[in-house]
Structure formats: C-alpha cells, structure tokens
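The values are calculated or read from the model by the stated rules, or taken from the named source; none is laboratory data. The shown structure was predicted, so the numbers you read here are calculated from the model rather than taken from an experiment. FYI the Cβ positions are ideal-geometry reconstructions off the backbone, even for glycines, and counts take in every protein chain you see.
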Amino acid sequence: MKNISELQDIATQIRRDVLRMINSCQSGHPGGSLGCADLFTALYFNTMNAAPETFAREGRGEDMFFLSIGHIAPVWYSALARRGYFDIKELSTLRQLGSRLQGHPSYHSNLPGVRAASGSLGQGMSVAIGAALAKKLNGDSNLVFSLHGDGEVEEGQIWEAAMFAGANGVDNLISIIDNNGVQIDGRCKDVCGVVNLKQKFLSFGWDVLECDGNDMQTLLNTLEECKQHAHLGKPVMLVMKTQMGKGVDFMEDNNGWHGKAPNDEQMQNALSQLKETLGDY
Amino acid sequence: MKEYKILGEKDTRSGFAEGLLEAGRENENVVALCADLTPSVRMDLFAKEFPERFFQTGIAESNMVSIASGMALSGKVAFVGSFAAFSTGRTYDQIRQSVAYSDCNVKIAGSHAGITLGEDGATHQILEDIGLMRMMPNMVVINPCDFNQTKQATLAAARYNGPVYLRYGRPKVPVFIPEDMPFEIGKAITLNEGKDVSIFATGHLVWQALEACKQLEAEGINAEIINIHTIKPLDGKAVLNSVQKTGCAVSCEEHMYNGGLGDAIAQLLVRNHPAPMEFVGIDDEFGQSGKPMELMKHYHLMAEDIVLAAKKAINRK
C-alpha cells in the first residue's frame, strides 16, 4: 500500500505524462485529464483490486473500470502504464497511426486495461451495469467502477441507465461523476442546467456520496466509504468535485483547455509547475 | 422444379422463441434482455424458463444494447430484443461503439421487420435495417425465411462468437424449410437448380420466389432459386457460380433497394461478373398501414412481381 506522499507523486507524474503526450501529437484533451489525475491514481494504486500482470477482458475475480468519457483517455493511459499494464514508452504513441493508444479508448486495438470503446458519450454507465450484472451471475463479489462527466449527464442514456440500476439494485456498481462544472461550450449549469446531481441520483434510487476529487486523502477516504456502501441494495454514486486543468495554473477551471493541446512554450510553463517524480517516459 | 410442401403456417418470431429457448438450455452463458416487448418479440419462453438470465430494461433500447455489451465482454452471450426499427435504428450508435467496434458477443434480435409488420405503419416498419447493419464492420446479418430456418438461425447465432443482427417478422407465413435442412452462417441454400435466371431471395420473399419459380416453369423458364439467409457475409461463391451459369439475376427482399441484399449482390457482380440484374424490393419510400398481404401486393413484393422481374432480366441478356 502506498502512502499519501507516494500517491501524490504518482498523480504529479501522470499530469506530466498527460501534458507531454498531448503536446507531442498536438491533439487531445488536457483539461479533464488533469482534473482526474488524482482519481486515477487513487483507483489504480489504492482502491481497486486490479491485476495488471494478468489482464483479462472478462475481469473475473477482480474489480473492473469503465471510462465513459473517452476523451480523457490520456490520463487513463498514463495510469495504466504507470501501474504496469503496458510499457510507459508506449505513451509516446498517443493518437499516432497504428498506435494502440487511440484518440478515444478502443478494445479493438488490444491495449491492456481497456475493455470497451468509449468516446460517443453516455454509454459507459450501461456497459458497467452489464459487467456488474455478469459479476452477480458469476457469483463474483468484486466491484465495477465507471467514470462520467457532468456534461455527459446531458445524454439521455445516462438516465436510462440510472433508472435501471436503481430499480434493479445494481449494488456492485460505483459510478463517479467528474463534477468540474465545465464543458466545451461553457459552464454546465448554463449549457443545459446541470445542477443538483446528488438529488437527481438520490431520486433514482442511488446511494450518493460527495467529495473533493483533487484532495488525495479525502478521495481515498471517500472511495473506501463508497466500497462500504456497496452490496447494500443500491448502486453507489460519487459526485466528485474537481477543477478542470488541475495542477497547471493557466488551465485551471478554464473550458478553453477542454480539448486543446499546449504548444511547446505552454508545455514548458506547465511542466515547470509539476515535479518529475517517477521519471518521464 | 423441386417440390416444397407447406408444412404449416407459423410466424418467424416463434421460430426465434424456440431457438432462443434451446440456446439457453444448451449454454448457461446465454442471457436475454428486452425493452418492454417480451411476448411480441417472443423472448417469453426464455424469460419463463430462465428468469435469472432474463433482464427487463424497460422502454430504453440504448441502455439495453450497452448493458448487453457489458455482459458480453464479461463472457455472456447476450441477446437483445425489440422491434427491428428500435433494435437497430434507435440504437445505431450503441451497436456501433459498444458492440461492433468493441467486438462484443451480442445478438441483436429485430422482430416485426419489414412491411409485413402491417397496421402499425411506417414508424414501425423499418426497411433500412439490413443496410444499417450491413455497413457496420464486424457485423453478421441474417434474415431467415420461415419458422424452421429462424429457429436454426437463432441457434447458429448463439453458437457464433461475435456480433449478429438477426432479422425476423411478425405475421404467420408458410413453413417449408425441412427441419433437418442444414443451416450454416454465410452459406446460401440452392432451393431449385435452373439455367435461365438466378433468383436470390431472403426472408419472407423466399416463399414468393418459389411460387414465382412455378409460374415461370409453366411458361418454359427454368429459374434457379437461391435462399440467401446470411446477407453478410454474403456467399459470393454461390452468387457468382449461379450467375455465371444463368447470365442474369433478380434480388428479392422486404427492404429498400438501398443497402439491402440487392445492393450486396450488385456490388459483387459489378466487380466480378457484370450481368443484367433486376431488384424486387422497396424503392426509396416509407411504408404505410395495411394488412401484411395487402402491403406486399401494394409494394410489388409478390410472386407475380418476381416473375416480371425475372423476364425483364432475361430479356436484357
């Protein structure tokens, strides 16, 4: 088990990876990736029971993770590589022709750690429910995690999934919403009235927790709490408050950095704010 | 010509029901999901015998397809069922991303396909579904012709590892395929050998093609009738061998010209063996309410229409 300081170092290195990957191909989504670096570190290095060395798609006997907001693939790829799913050198191939690190995650490209494609928004909660139901049929008591965006909940399928999971007591599912409050066209509350997420999910029959998603200790504690709430008859939702672009001052809380690559000068500025802790790839 | 006896009148959806039940008995990993149409799309037999493996998703087809994908990637053989209009058209993006592109072992069951859905009208009569599913990489498309073949096709789909679209219908139609006739995905069935024209038919139009064959025979025309139950992958060898022999072709389907069986055959012929070809199908229009057979006549999908198309193709040789 890693201590807080070690986990924070991993998250910082993941942020460096994200910036270098996106700068290198001059394409990708840094904002949400940086905001979720702490979560991915917590999940893969502490919370989840995952087996990188023997990765199998069916995920029997281990926890499973589904990224519904496929555009933040860079942070997931970095976490997977740093956790040992594949060599960190491969991070340099993001979005290049023939790479397993597709612009949005793909099972088709055989990247260990990825079980389903995502990118077209709104589908991942349903896919995670399917995996959770299969675990129940298989008598596997491990958990299924999924990550969503607060802009993504504008997709109707999220609410189809939320209604189904609540009605059917899919209580081995822990879904997380990255509640950074911004999306491409502006503030989520202005774009389509994304407010009161906690109340919305409570009314759909979920158990709902909230926390600061950029404070490692709080995040670890709350994820443990989520696990304690599992297997009690209700699906579990964690509404996680984060800052888009967290860790790089000029990107923080700025929707302009949702899907824009930093140029070399901007990257140097950004990297100067993030210590190289584990060694760049 | 070879005689095919009518063994009874049954709906193809009931063939699906029996096939799914048998698949469930054969493999405990088979699961079924339905969006509030369980008796209509005939998942009822499976749901009754295997309640723990049946999942009611409510009227939420997109969610249903994506849940099936999650179950499939966890090792299940997941059947999803709705009317073909909803199980393909409404969920195209979910099938594309979560099923076909994600290599998931999901079987999309499309009941009430085509014009013979009847009285409910154009909103429910999808005529584009073969095209939609055919365009998708990694997707197998099967449109069986009667009760017995639908049962066989359902079992074959369950045994096949990968995404399948299984299209079947609502009304009672003649049962004429013998129960013991072999069925193999991607392998066309020659129902009658002939030398003057190749008639390729799928779904409900296979029986009409056999009726047309009789009428043509009475006029001294010897038609080859080939049942293309699997539209993708198309049995190209069977199609080319036949057209090389007869010199012309007719395609017959309860579907738009665009994207359907005819399109698939025409593409193959143009590339390999250009020959005169006629299409029996629906020409770029929506359907409407009516009785199934009234609609078949109105949209020129009957045996006499196939006879006219065959003669036209022969005259163009």
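Observations on the structure shown:
- Looking only at the range A:126-143, and only at residues there that are more than 8 Å from every other protein chain (Cβ to nearest Cβ) and in contact with a strand residue (DSSP E or B) (Cβ under 9 Å, 6 or more places away or on another chain), the one that is nearest to residue A:66 (Cα to Cα): A:143
- Residue list for the range B:249-276, restricted to those being surrounded by fewer than 21 Cβ atoms within 10 Å (Cβ to Cβ), in a helix (DSSP H, G or I) and not aliphatic (A, V, I, L, M): B:267, B:271, B:272
- In the range A:164-194, residue nearest to the other protein chains (Cβ to nearest Cβ) [restricted to those that are farther than 26 Å from residue A:219 by Cα and part of a helix (DSSP H, G or I)]: A:164
- None of A:42, A:79, A:51 is at pLDDT below 95 and small (Gly, Ala, Ser) except A:51.
- Criterion violated by residue B:53 - all others in (1) surrounded by 24 or more Cβ atoms within 10 Å (Cβ to Cβ); (2) within 14 Å of chain A (Cβ to nearest Cβ); (3) of a type in the set (Lys, Arg) satisfied: (1)
- Lone qualifier among B:75, B:114, B:89 - being surrounded by fewer than 19 Cβ atoms within 10 Å (Cβ to Cβ), more than 14 Å from chain A (Cβ to nearest Cβ) and small (Gly, Ala, Ser): B:89
- Within the range A:116-142, restricting attention to residues that are surrounded by fewer than 24 Cβ atoms within 10 Å (Cβ to Cβ) and part of a loop (DSSP other than H, G, I, E, B), the residue that is farthest from the chain's Cα centre (by Cα) is A:139.
- Only one entry in A:33, A:27, A:99 is in a helix (DSSP H, G or I) and more than 14 Å from every other protein chain (Cβ to nearest Cβ), namely A:33.
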